[in-house]
Amino acid sequence: MRDVRIRPEQLADTIKKELDDLAEDTTDTVKKAVQEAADTAVKDLKAASPRHTGKYAKSWTQKKVKDNSSEISADASSGKWSRETWRRQGCRQSAYQAG
């Protein structure tokens, strides 16, 4: 922490500025952590997806759902692909079993 000299009448403004700086740093850190988690989730989902044609594995993407001062969230989805889609295309049931 740095040594800052202020007058008593400047105390409130100085405290507000320091808290604003802290909030901004914290927000940036959290946003970075959410982005890294989303990147990891997509990478893991692509690696664990069945490889019948490879389209399903390649379809995993991420998008930012909310990003404001009080909330940030990310979503990993495979778009149009679902278990039912794979069944209709004749993929093996064993590809869906956890194991």
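Couple of notes before you dig in:
- Among residues of segment 1-23 being at pLDDT 90 or above and of a type in the set (D, E, K, R), the one that is farthest from Val65 (Cα to Cα) is Arg7.
- Number of positions in segment 20-56 that are within 22 Å of Ser78 (Cα to Cα), touching a residue at least 12 places away in the same chain (Cβ under 8 Å), of a type outside the set (Phe, Trp, Tyr) and assigned to a helix (DSSP H, G or I): 10
- Taking segment 52-91 as the range and being loosely packed, with under 12 Cβ neighbours inside 10 Å, modelled with pLDDT of 75 or more and either more than 30 Å from Asp25 (Cα to Cα) or aromatic (Phe, Trp, Tyr) (or both) as the test, the residues that pass are Thr53, Gly54.
The values are calculated or read from the model by the stated rules, or taken from the named source; none is laboratory data. Bear in mind that the values here come from a model prediction, so they are computed numbers and not experimental data. With ideal geometry, Cβ positions are generated from the backbone for all residues, glycine too; neighbour counts draw on all protein chains shown.
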